[in-house]
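Only one structure is covered here, and it is reproduced in the block below.
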Amino acid sequence: MIRCRGVEKSFSGKKVLSGIDMDIPEGKIFGLLGPSGAGKTTLIRIITGQLGYDAGSVNIFDREARELTRDDNKKIGIMMDDFGVYERFSCRDNLKVFADIYGTPYGKIDETLELVGLGDAAKKSASDLSKGMRARLQLARVFMHSPEILFLDEPTSGLDPRSQKAIHRIILDKKKEGRTIFLTTHNMEEAHALCDTVALLNEGHIVDTGAPDELCRKYDHKKTISIHLRSGESIELACGAESAERIGELMKSGSVETIHSSEPNLETVFLELTGKKLEEDDK
Ligand SMILES: Nc1ncnc2c1ncn2[C@@H]1O[C@H](COP(=O)(O)OP(=O)(O)OP(=O)(O)O)[C@@H](O)[C@H]1O
Ligand SMILES: [Mg+2]
């Protein structure tokens with residue numbers, strides 16, 4: 001569905017993307033993870049044909065991104081910053097603007113508002129929405145015209161856990177319908193929960209890519225098993241045959257409260273690969 005090879009991009013002589021290779025298959029959720037300034041939004045703008053690039057190739061729907069047609073653009077939905085929200089318009093009128101642009105039947109407007117849980121807020125001005133409602137309005141706008149690919153640039157940034165969950169549910173529903181989803185995030189839990197594949201972007205380079213679980217196993221250098229006993233004591237054992245007997249004894253004695261393998265999470269993997277955290281501490 002999307003294929004990038006050796007993509008390079010500089011702004012005023014400063015390189016922001018370098019040697020980007022990516023393949024995004026149809027019907028999957030692909031996550032681009034990276035800290036602020038890594039180049040995530042720039043890459044979305046390039047793939048969606050909003051921004052040119054200096055070298056390499058970018059293909060979407062088997063067409064060069066710079067040459068997307070009006071019909072191709074109808075197959076794409078983009079959620080990015082406050083792009084496309086008319087503050088003084090109601091939720092319904094916001095969607096009406098896009099229904100007119102894309103030739104979507106008006107019947108879809110209320111149906112889509114219901115789908116994102118904004119049925120009761122249809123008449124509310126966009127300026128009066130909470131952050132979570134606003135994000136849902138943006139999502140509604142992105143998929144109302146039934147695009148094949150959704151580009152979601154940090155769709156849950158700054159939202160409370162409940163609103164995040166609501167957005168995750170909508171994203172997973174769109175995947176079930178067979179849509180392809182490209183999302184960016186700083187949030188590794190979100191990436192783990194949603195994405196089939198993630199690419200870790202740091203300073204314009206993809207440092208590794210794969211299924212979240214696969215990446216976590218690949219960088220599991222510690223390979224230990226942590227056991228927490230009912231007595232409150234914690235034990236760490238090597239993850240190998242040498243520990244089998246001890247673990248067996250503990251299990252048989254009924255003293256084990258929890259037992260975990262040492263797999264790192266995506267945050268730890270990113271830290272190991274780049275020396276950097278995905279999320280700022282103050283976030
Ligand atoms: N139009 C532009 N002109 C000059 N520099 C730019 C422009 N757009 C982006 N940059 C620079 O390119 C780099 C990557 O920016 P980008 O917005 O793609 O990062 P990001 O990964 O989306 O970050 P964030 O998580 O904060 O959204 C940054 O150093 C940024 O300052
Ligand atoms: Mg960005």
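Rule-based calculations on the coordinates, nothing more; no lab input. Computed from a prediction, not measured in an experiment: that's the story for all the values here. All Cβ positions, even for glycine, are placed from backbone atoms using ideal geometry, and neighbour counts span all protein chains on display.
At a glance:
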read-out: Total lysine pairs under 22 Å (Cα atoms) in the stretch 79-231, excluding pairs fewer than 8 apart on one chain; value: 16
read-out: Translational D in µm²/s for the chain (Stokes-Einstein at 20 °C, 1.002 mPa s, Kirkwood Rh from C-alpha pairs); value: 102
read-out: Under 17 Å from the Cα of Lys14 - lysines, other chains or at least 8 residues apart; value: Lys40
read-out: Total formal charge among the other residues, if their Cβ is under 14 angstrom from that of Ile181, Lys/Arg +1 and Asp/Glu -1; value: -1
read-out: For the stretch 52-57, Karplus couplings with θ = phi - 60° (6.51, -1.76, 1.60), whole Hz, Gly/Pro x; value: x, 9, 8, 7, x, 9
read-out: For the stretch 193-283, convex hull of alpha carbons as volume per residue, Å³; value: 142
read-out: Cleavage-rule hits (GluC sites (Glu not before Pro)) in the stretch 211-283: DSSP loop, at most 12 neighbouring Cβ within 10 angstrom; value: Glu233, Glu280
read-out: q = 0.27 Å⁻¹: log10 I(q)/I(0) that the Debye formula gives for the stretch 154-236, counting C-alpha atoms only; value: -1.32
read-out: Relative pair counts by distance (%), Cα atoms of the stretch 1-148, 10 Å bins; value: 11, 35, 30, 21, 4
read-out: Antiparallel bridges, percent of DSSP beta bridges restricted to the stretch 144-283 (to nearest 5); value: 75
read-out: Label-point gap, in nm, between Val16 and Leu172 - each point 7 angstrom along Cα→Cβ; value: 3.4
read-out: Burial ranking of peptide ranges 68-74, 24-30 (average Cβ count within 10 Å, highest at the top); value: 24-30, 68-74
read-out: Global geometry of the stretch 92-231, whether rounded, prolate or oblate, following the gyration tensor of its Cα atoms and the 1.5 cut on a/c; value: prolate
read-out: Phi-based couplings in Hz for the stretch 188-193 (Karplus 6.51, -1.76, 1.60; Gly and Pro marked x); value: 6, 5, 4, 4, 5, 6
read-out: Of every Cα-Cα pair in the stretch 98-154, the percent that sits beyond 12 Å; value: 65
read-out: Residue exposure sequence - Val16, Val198, Val58 - by fewest surrounding Cβ within 10 Å; value: Val16, Val58, Val198
read-out: Kirkwood Rh (inverse of mean 1/r, distinct Cα pairs), the stretch 7-90, angstrom; value: 14.5
read-out: Per principal axis, descending, Cα span of the stretch 138-193 in whole Å; value: 27, 19, 17
read-out: Alpha carbon convex hull of the stretch 67-137, volume per residue in cubic angstrom; value: 91
read-out: Cut-off under 5 Å, modelled amide H: who pairs with Glu263 long-range; value: none
read-out: P(r) weight above 13 Å for the stretch 200-248, C-alpha pairs, percent; value: 70
read-out: Ranked Asp54, Asp21, criterion: other C-beta atoms within 10 Å, fewest first; value: Asp54, Asp21
read-out: Sorted by Cβ density within 10 Å, fewest first, the residues Phe61, Phe151, Phe11; value: Phe11, Phe61, Phe151
read-out: Between the stretch 8-35 and the stretch 133-161, the alpha-carbon center distance in angstrom; value: 20
